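These notes concern the structure reproduced below.
Bear in mind that the values in this text are calculations on the coordinates, not laboratory data. What you are looking at is a predicted structure, and each value in this text was computed from that prediction instead of being measured. Don't worry about glycine lacking a Cβ; one is built from the backbone with ideal geometry, like all the others, and counts go over all protein chains shown.
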């Protein structure tokens with residue numbers, strides 16, 4: 001999968017209340033990339049992620065996945081595209097409290113009218129160290145275990161790319177480090193593209209490509225060899 005953003009902007013309001021959340025961003029994401037996007041609170045990080053992943057519509061500019069402008073799709077078509085090709089991990093785990101870990105993981109597939117691959121789901125659970133916790137409800141799991149369930153949920157539909165918005169923000173440093181190790185291992189073993197939004201420089205520096213965003217302006221950081 002090759003993703004290209006061209007002059008991507010998001011503007012709220014007008015006149016004196018006009019806010020430029022994202023200012024003409026150009027960005028290319030290639031298959032297998034591990035990208036971090038770092039910036040302070042209010043810099044436009046989450047806005048950029050929401051636009052790159054198809055969760056929100058830009059004010060102007062284009063976003064193509066393998067040459068197809070996803071914002072030219074109808075809402076129903078775009079929703080199906082996201083369910084099948086894009087995985088999401090958020091700071092808030094967003095697990096449904098009345099469902100078991102297994103049911104939470106399977107939810108994206110069920111919403112798409114499909115049954116999850118049981119063997120693949122079990123493989124994900126073992127890879128993430130939650131194989132023995134699948135029958136537990138979210139409140140019976142630790143924060144780190146809940147985030148692992150959320151990661152498995154993001155992967156269950158076998159998406160091409162994973163977008164993670166502050167995935168370690170609600171975890172202590174050890175649990176956060178464990179989650180990052182798992183994300184990198186999954187990316188390497190499964191050949192996934194990984195884009196992480198963070199304000200933590202330690203996480204950002206683990207990526208192969210690093211971007212910074214300030215006041216809605218996105219810049220790629222040239223890495224030293």
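Some observations on this one:
- Positions within region 67-98 being free of Cβ contacts under 8 Å to residues at least 60 places away in the same chain and within 17 Å of residue 147 (Cα to Cα), in sequence order: 94, 95, 96, 97, 98
- Test: residue 103 is free of Cβ contacts under 8 Å to residues at least 12 places away in the same chain and surrounded by 15 or more Cβ atoms within 10 Å (Cβ to Cβ): yes
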